[in-house]
Amino acid sequence: MKKIDVNVMGGHWPFRKLYKEGAANMREYYAAEEVEWGLMSSFNSVFFQDAFEGDEDLNEQIRQIGSTRMVMTVNPKIPGWQKDLEYECEHFRICAVKVLPQYHNYGLEDDDFNELLAKLEEKRLPLMLVMRLEDIRNSYLWPVGSLDTDSIRVLVKRTSIPVILLHALVGEVKLLADLLDGKHDFYVDTSGMRGATFPIEELLNSVSEDSILYGTSYPMLSEKASVYIIEKAEIADGVKEKLFYQNAKKLFCL
């Protein structure tokens, strides 16, 4: 079954060696799992003082991989992001912007973030909101909390652009289930759901099948876990196709 992975990563994770990374491994993953498109952001852009330098490297990696669209990482607390956004829209053909408020020390009501949100609304670019990058039990070198679901709720209700929540746990998704109804422009990827038992079946009791997107956080996490929770779910093949492919294809016009 064809797939679009809305959450793959390039660059290097600074705290540990990843089992598989780089263009060759990404191409192998695409071929093995029938991934038609991957939406890729950069580890480097999270941690570099100048996120644009990380995205420059990512653009070169994407050229080597093929079948991949760039997701720009923005820290609105760092001056100059506005110029970088204009450049990346024109030259890197970005399909979304990713933000990590808890990693960059700002809130979803801060003026800097509101300026970014207004610019994305102007450009009609989707916003990817990262709940966390990895299990908090592994982040002892740099303790980082999770986003507050109440602040996410306020954001979704006040913006006119699509918001995609990445790496949320099943319990966190259920707290926002009334907004994941297929009517709001709000979506969640599957990269954080692998720790639960039968997560897709459980969520589809309260969440619209139109609001779930296949995402792996590969190579940070194993791609197989995200594949299996959909592939082995006791749901109709048509629903699986929506989750794996059709929802993302429609949202990102791929």
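The values are calculated or read from the model by the stated rules, or taken from the named source; none is laboratory data. Note that this is a predicted model, so its numbers are computed, not measured. Don't worry about glycine lacking a Cβ; one is built from the backbone with ideal geometry, like all the others, and counts go over all protein chains shown.
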| note | Filtering the stretch 68-114 for residues that are surrounded by 15 or more Cβ atoms within 10 Å (Cβ to Cβ), among the polar types (S, T, N, Q) and assigned to a loop (DSSP other than H, G, I, E, B) leaves a count of 1
| message | Checking the condition among the polar types (S, T, N, Q), out of contact with any Asp or Glu (no Cβ under 8 Å at 6 or more places or on another chain), surrounded by 23 or more Cβ atoms within 10 Å (Cβ to Cβ) and closer than 17 Å to Pro219 by Cβ, which residue from Ser41, Ser45 passes? | response | Ser41
| request: Could you check Ser151 against (1) among the hydroxyl-bearing types (Ser, Thr, Tyr); (2) at pLDDT 95 or above; (3) not in a helix (DSSP H, G or I) and say which number it fails? | output: (3)
| field | Residue among Ser211, Ser217 that is at positive phi and modelled with pLDDT of 95 or more | value | Ser217
| field | Cross-chain or 6+ apart pairs with Cβ under 8 Å, the stretch 92-109 first and without any contact (Cβ under 8 Å) to a residue 24 or more places away in the chain and over 23 Å from Leu251 (Cα atoms), then of a type in the set (Val, Ile, Thr) and assigned to a strand (DSSP E or B) | value | none
| query | Looking at Tyr19, Tyr87, Tyr30, which is the one that is at pLDDT below 95 and hydroxyl-bearing (Ser, Thr, Tyr)? | reply | Tyr19
| field | Residues that are touching a helix residue (DSSP H, G or I) at 6+ places or on another chain (Cβ under 9 Å) and of a type in the set (D, E, K, R), drawn from the stretch 242-254 | value | Lys242, Lys250
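This table checks each residue for (1) crowded, with 18+ Cβ neighbours inside 10 Å; (2) over 14 Å from the mean Cα position of the chain (by Cα); (3) of a type outside the set (Val, Ile, Thr).
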{"position": "Ala196", "(1), (2), (3)": "no, yes, yes"}
{"position": "Val207", "(1), (2), (3)": "yes, yes, no"}
{"position": "Tyr218", "(1), (2), (3)": "yes, no, yes"}
{"position": "Ile230", "(1), (2), (3)": "yes, yes, no"}
{"position": "Glu234", "(1), (2), (3)": "no, yes, yes"}
| remark: Among Trp81, Trp142, the single one that is over 17 Å from the mean Cα position of the chain (by Cα) and at pLDDT below 95 is Trp142
| query | Does Glu28 meet the test of being assigned to a helix (DSSP H, G or I) and charged (D, E, K, R)? | reply | yes
| request: Only residues in the stretch 199-226 that are in contact (Cβ under 8 Å) with a residue 60 or more places away in the chain count as the first member; pair them with residues that are among the aromatic types (Phe, Trp, Tyr) and outside any loop (DSSP other than H, G, I, E, B), Cβ under 7 angstrom, at least 6 apart or cross-chain, and list the lot. | output: Leu213/Tyr187; Tyr214/Phe244; Tyr218/Tyr29; Glu223/Tyr29
| Qualifying residues in the stretch 1-25 (those that are of a type in the set (A, V, I, L, M) and part of a helix (DSSP H, G or I)) - the one surrounded by the fewest Cβ atoms within 10 Å (Cβ to Cβ) | Ala24
| query | What helices (runs of 4 or more DSSP H) completely inside the stretch 177-244 contain at least 2 residues that are within 23 Å of Lys98 (Cα to Cα)? | reply | 223-231
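For (1) touching a His at 6+ places or on another chain (Cβ under 7 Å); (2) at pLDDT 95 or above; (3) small (Gly, Ala, Ser), each residue gets a yes or a no:
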residue: Ala168; (1), (2), (3): no, yes, yes
residue: Ala196; (1), (2), (3): no, no, yes
residue: Ile200; (1), (2), (3): no, yes, no
residue: Leu221; (1), (2), (3): no, no, no
residue: Lys224; (1), (2), (3): no, no, no
residue: Asp237; (1), (2), (3): no, yes, no
| task | Go through the stretch 36-53 and give me each residue that's touching a residue at least 24 places away in the same chain (Cβ under 8 Å) and part of a loop (DSSP other than H, G, I, E, B). | result | Gln49, Asp50
